[in-house]
Amino acid sequence: MELKSQVITRILLAHILFSCVSLDALQAEEFHVTTAAEFQNALTRARGNGEADNIWLAAGTYKTIDNQSRFMYEAKEGENYALTIKGETGTSVDDVILDGEEPTFAFYLLDIEQENALLTIQGISTKNGFIEISSSGDVSLTENKFSHNKLYHPVYVNTSSGSINSEWQHI
């Protein structure tokens, strides 16, 4: 009877330990931004913090000139976690705008060896510029809008081993 009790105790402890690890893996750092500087700061912090990241953009226009450069995310080596960039809850694609202010990059994303990571951009408008993404993982671009871009392709995605899911408007 004592052996059976020990086995049950070990199984319960293993289950509790597994549950804690699983919950920890599901957590992500949350960034809620309202300015161009806060957006770039969130991208910079997310590039090597060792966890998934969700960046929520409040309604407004995020101009590259206010950031003194294009918005850029370049994952550090070993940063193999999801990155999600979305408008805050309750915003529409017309409420959150990345403005490149010229026909160059508005946003540049480079995932280094993130084969298992998912990069998601959802509910964002980009105007006067374009987005370039280079990733080894999966890329999801949904409910986005591109306008006043000088280039034929407002989005350039290069993925060596991942898949691309896209749904967007080019105006």
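The values are calculated or read from the model by the stated rules, or taken from the named source; none is laboratory data. Note that this is a predicted model, so its numbers are computed, not measured. Virtual Cβ from ideal backbone geometry, glycine too; neighbours counted across all protein chains shown.
Data table
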| quantity | calculated |
| --- | --- |
| One residue from L109, L141 being at pLDDT 80 or above and either in a strand (DSSP E or B) or among the hydroxyl-bearing types (S, T, Y) (or both) | L141 |
| Set K127, K150: member being of a type in the set (K, R), at pLDDT 80 or above and surrounded by fewer than 21 Cβ atoms within 10 Å (Cβ to Cβ) | K127 |
| Single residue of the range 48-71 satisfying the filter (among the β-branched types (V, I, T) and modelled with pLDDT of 90 or more) that is nearest to T34 (Cα to Cα) | T61 |
| Filter pass, T44 being surrounded by 12 or more Cβ atoms within 10 Å (Cβ to Cβ), at pLDDT 85 or above and within 21 Å of E132 (Cβ to Cβ) | yes |
| Tally, over the range 52-71, of residues that are more than 17 Å from V96 (Cα to Cα) and under 12 Å from the mean Cα position of the chain (by Cα) | 2 |
| 1 or more residues over 15 Å from I121 (Cβ atoms) and of a type in the set (D, E, K, R): qualifying strands (runs of 3 or more DSSP E) within the range 21-93 | 28-33, 60-63, 71-74 |
| Residue tally, condition on the phi < 0 side of the Ramachandran plot, modelled with pLDDT of 90 or more and surrounded by fewer than 17 Cβ atoms within 10 Å (Cβ to Cβ), over the range 72-92 | 3 |
